[in-house]
Amino acid sequence: METFHRYHKYLNYSHPLIREHFDPDACGWAFGMNVFDLVEWRKRNVTSIYHYWQEKNVDRTLWKLGTLPPGLLTFYGLTEPLDPTWHVLGLGYTNVDPHLIEKGAVLHFNGNSKPWLKIGMEKYKPLWEKFVDYSHPLLQQCNFH
């Protein structure tokens with residue numbers, strides 16, 4: 001299963017600001033799951049870096065939409081990979097080895113077929129639903145289930 005995509009899939013390399021600062025073949029990652037060292041975050045002023053890239057893209061010429069591209073720019077060169085057995089990806093678009101699911105610390109429902117959607121992969125819905133309290137008043141108001 002392909003876990004990573006290259007930066008060139010997310011960013012506009014015809015723009016000089018992108019082309020001059022980022023390797024198009026650098027690996028992106030599942031930005032929905034991160035573990036942060038907050039001391040290092042403050043030391044490197046990561047929030048300001050994120051805002052810088054957001055401001056540079058007000059005209060949408062660096063990337064079109066989404067939260068992944070500014071994250072890729074902000075954390076470029078600052079990431080360490082997580083053990084893939086710890087962070088299990090693919091539960092919203094592919095078949096995942098049940099042994100990985102059983103041992104995984106984090107189950108990441110990335111992809112279009114998330115279990116809380118009508119188009120969700122049926123076999124993964126129980127993994128999600130065991131943590132949902134459908135009797136909660138807010139879920140009742142939304143007619144969630």
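The values are calculated or read from the model by the stated rules, or taken from the named source; none is laboratory data. All values derive from a computational prediction rather than experimental measurement. In this analysis, Cβ positions are derived from the backbone assuming ideal geometry, glycine residues included, and neighbour counts consider all displayed protein chains. Heads up: the accessible areas ignore ligands, DNA and RNA and are worked out on the full protein's heavy atoms, side chains in. Shrake-Rupley method; radii C 1.70, N 1.55, O 1.52, S 1.80 Å.
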Subset of segment 32-45, residues not in a loop (DSSP other than H, G, I, E, B) and not charged (D, E, K, R), comes to Leu38, Val39, Trp41
Test of understanding: among Leu38, Leu72, Leu17, which residue is farther than 25 Å from His108 by Cβ and either among the aliphatic types (A, V, I, L, M) or open to solvent by less than 60 Å² (accessible area, probe 1.4 Å) (or both)?
Leu17
Exactly one condition in (1) on the phi > 0 side of the Ramachandran plot; (2) assigned to a helix (DSSP H, G or I) is not met by Ser48; state its number.
(1)
Mind listing whichever residues of segment 98-120 are closer than 24 Å to Asp133 by Cβ and either open to solvent by less than 50 Å² (accessible area, probe 1.4 Å) or among the β-branched types (Val, Ile, Thr) (or both)?
Ile101, Gly104, Val106, His108, Phe109, Asn110, Ser113, Pro115, Ile119, Gly120
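Residues in segment 51-62: is at least one in a loop (DSSP other than H, G, I, E, B), touching a residue at least 24 places away in the same chain (Cβ under 8 Å) and open to solvent by less than 60 Å² (accessible area, probe 1.4 Å)?
Yes - at least one qualifying residue is present in segment 51-62.
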So in segment 22-31, with the set limited to residues that are free of Cβ contacts under 8 Å to residues at least 40 places away in the same chain and assigned to a loop (DSSP other than H, G, I, E, B), which one is least open to solvent (accessible area, probe 1.4 Å)?
Pro24
Answer yes or no as to whether Gly77 is within 30 Å of Phe131 (Cα to Cα), open to solvent by 30 Å² or more (accessible area, probe 1.4 Å), out of contact with any helix residue (DSSP H, G or I) (no Cβ under 9 Å at 6 or more places or on another chain) and not in a helix (DSSP H, G or I).
no
